[in-house]
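Working notes, structure below.
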Amino acid sequence: MTLYDLVAPGLDTTTEPRYRIAEIRAADPLGADPLLTALPAMNRDADVPALTVALRTIVPDLDRVAEWSIVEALAGMRDIGMLLGSLKRHGTEPLAVVPEVLPVLEELARRTDMVPRDTVHHYTTWNPPGRRRRMYTGHEMEAHLQEAVRMVFPSLVAALDTCTCLARLEPYDPGFALALDRTAQHVQAMVDSIDFTVANVTPAYFAQTLRPYFEEIDVAGRDYLGPAAAQVPLWLVDLTLWQCDRSNPAYDAFLDESVAYSLPSWRAFHAAHRGGVSAVSKLSAALSWETVHRLPPELIASARSLARVLRILKTFRARHIGIARKAYSDDLRLYDEGSGGAPVTLLREVLDLTRDNETLVRRSVERPRPAAVRTQPAPAAAVRLPEAGTPAPAA
């Protein structure tokens, strides 16, 4: 049983159709199950003619697409996307050989309010398990990589909810630390995911076998990235913790490109919080006003909770960059950039930014503070004792 199995049933009861994961996985509006079972064999043989015929075979009429629900549209894009990525991996622009798929991609994008090709969510979270699993290679490591991404989806959704609460609170509010503690619990799933990946997917397999299937394709003159782990937006958590006002131009530019591949509600989250004040900045401002020797306990709790979640993010990024360096080393890499469009150097910059913010918060409650002013007792000579028989003053 995976983390997804424990948490996802709650998502399926929401009104957001993109969270109705079991329904999307079960849907097969193109009747593509038998065809996609043969996809790994076609890819193994680099059979471009067969892939071209397969894509042409499953392209639906626009009238049919217009009748689909959002759930069916997401499943349809998922299955078309597997063939798009396969053709591009073998050196063929898919829309150049099957131009009739263009209006379908554009209609699916309009219906689902997403980009006009498949994303990491189509390839992992919305991908059926078991015999119906859609895979490029059919290799066990590919299934493990898909599972590593799937397992974080429910936790990420929950983390965005707690970050929304966090953005409305101040460090003196006891709920500030509570929201951070809950966010830390959710973000820990990212560390579990990266550990699972390290244990089950070799850098060589990813770099030389799987990575080529995630290449960008041309859709009506614009390039769209394939499914990429960078589209699992941990950066939305960064946004409210530190990124909205403590970032750098390179990371900002990367996020401006990446946000288009998110779910509509996640894009709205980004738009709502990108101009806000981060938790790190709120805490720094609160601490700057404190001059007493002993900080208020609520402020100490907020600082410790913020440092904890930043430490988890730092741990994830340190392990991620370790994998990336191996996969994109000179003796393995086929590409200079990751599937999300970022070079390894950007991963290093983001790790440094995360570490800098974690260090700032951690040291803020460790630094010496000015001693509180104490009233000295009066010198003994100045104290006048009551004369004998004189009543002592009331206490």
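The values are calculated or read from the model by the stated rules, or taken from the named source; none is laboratory data. What you see is a predicted model, and the numbers here were worked out from it, not measured in a lab. As a convention, Cβ positions derive from the backbone with ideal geometry for all residues, glycine included, and neighbour counts pool all protein chains shown. Please note that ligands, DNA and RNA were not included when accessible areas were found on the heavy atoms of the full protein model with its side chains. Shrake-Rupley method; radii C 1.70, N 1.55, O 1.52, S 1.80 Å.
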Quiz item: Does a label point 7 Å from the Cα of V97, set along Cα-to-beta-carbon, have any residues of region 37-75 with amide nitrogen under 20 Å, and which are they?
Solution: 37-60
Quiz item: Looking at region 262-297, which trypsin sites (Lys or Arg not before Pro) are in a loop (DSSP not H, G, I, E or B) and have at most 14 other Cβ atoms within 10 Å?
Solution: R294
Quiz item: Is it possible to state the helix-based mean residue ellipticity at 222 nm for the chain, with each DSSP H run of 4+ residues giving -39500 (n - 2.57), the sum divided by total residues, to the nearest 500 deg cm²/dmol? What is it?
Solution: -17000 deg cm²/dmol
Quiz item: What's the angle, to the nearest 10 degrees (0 to 90), between helix 3-12's Cα axis and the longest principal axis of the chain?
Solution: 80
Practice problem: Would you kindly work out the equivalent ellipsoid of region 31-141 from its C-alpha gyration tensor and give its semi-axes, the square roots of five times the eigenvalues, largest first in whole Å? | Solution: 21, 17, 12
Quiz item: So what's the chain giving for Rg/Rh, alpha carbon basis, Kirkwood Rh from the mean inverse pair distance?
Solution: 1.16
Quiz item: For region 100-225, what is the per residue volume of the convex hull drawn over the alpha-carbon atoms, in cubic angstrom?
Solution: 153
Quiz item: Expressed as a fraction of 2.2 N^0.38 Å, the rule-of-thumb size for a compact globular protein of N residues, what is the C-alpha radius of gyration of region 172-301?
Solution: 1.37
Quiz item: Any idea which of P40, S262, I321 is furthest toward the positive side of the dipole for the chain, if Lys and Arg beta-carbons carry +1 and Asp and Glu beta-carbons -1?
Solution: I321
Quiz item: Carbon and sulfur together cover what percent of the accessible area of region 150-196 at a 1.4 Å probe radius?
Solution: 56
Practice problem: Report, to the nearest 10°, how far helix 264-273 tilts away from the longest principal axis of the Cα atoms in the chain, using its own Cα long axis and a range of 0 to 90°. | Solution: 30
Exercise. With label points built 7 Å along Cα→Cβ from the Cα atoms of D181 and T57, find their separation and express it in nm.
Key: 5.7
Quiz item: How big is the Kirkwood radius of region 154-237, worked out from every pair of different alpha carbons and given in Å to one decimal?
Solution: 15.5
Quiz item: Once both labels are modelled 7 Å past Cα along the beta-carbon direction, what's the R133-D356 spacing in nm?
Solution: 4.1
